[in-house]
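Have a look at the structure below before the remarks.
Here, each number is a calculation from the coordinates, and none is a lab measurement. From a predicted model like this one, the values you see are computed outputs, not experimental measurements.
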């Protein structure tokens, strides 16, 4: 089938815009090959054509990225019947590929779990697929590689992915905020405390990524018996900070499982 557009978007929220920005900046696709469908858009985004009818996207685009909230998707399920798109790509949390395939009768489904740092090209995206050809998988992987690192994960683990990388930025922000506030309490002004905290988080993350040593060894190398760091680490252990983090992530995963069954 000859398609008028290579790629379509149903929905144009922050994540869709991040993907579009990555595509255009990398020159992976020209704007003339992209079409957007959303009821909220008032003017062209980045010069890209738009429509207010999902069926146009589903019948004129080779690949379609579904970038709406799960509850909106469920409300517009009927518009996906008899889609002519070659491949449907979902970035929705809590909606499995079988549901999308049944609603659309599309043979090729790809599911992605990106995270918000994709908006600054520092994200990570988990990818899984159902019935998709190598050509389709490679094409979509290349798209998301313009804004993130991509990792292939079986769909049965996607609730765990949601609880780690999907929701994970919020956990990091929470810890960063606590460190900044502690610095301010110690007498630093907010901006200096923020700068010290952020650079420390980035540097420590790169140490974990690039070091051949395990994380416990890296922790021990910063701590010395009777020194300063060990006081903080011992307090975290006493207050069971690690267990609280694991429990919070578990609750996040369980909620993701509940939403996927709704």
Connecting C-alpha atoms closer than 10 Å in a GNM of the chain, tell me which of 219, 109, 48 has the biggest fluctuation.
219
Return the tail of the calculated pair distribution for the chain, meaning the percent of Cα-Cα pairs more than 26 Å apart.
49 percent
Under the Kirkwood approximation for Rh and a Cα-based Rg, what ratio Rg/Rh is obtained for the stretch 175-262?
1.06
Per GNM of the chain with C-alpha springs under 10 angstrom, the most fluctuating residue out of 221, 134, 44 is 221
Relative contact order as a percentage, the stretch 5-158, C-alpha pairs under 8 Å and 6+ apart, gives 21 percent
In the stretch 5-158, if every C-alpha pair distance is counted and binned at 5 Å from zero, what percent goes to each bin?
2, 10, 21, 25, 23, 15, 5, 0
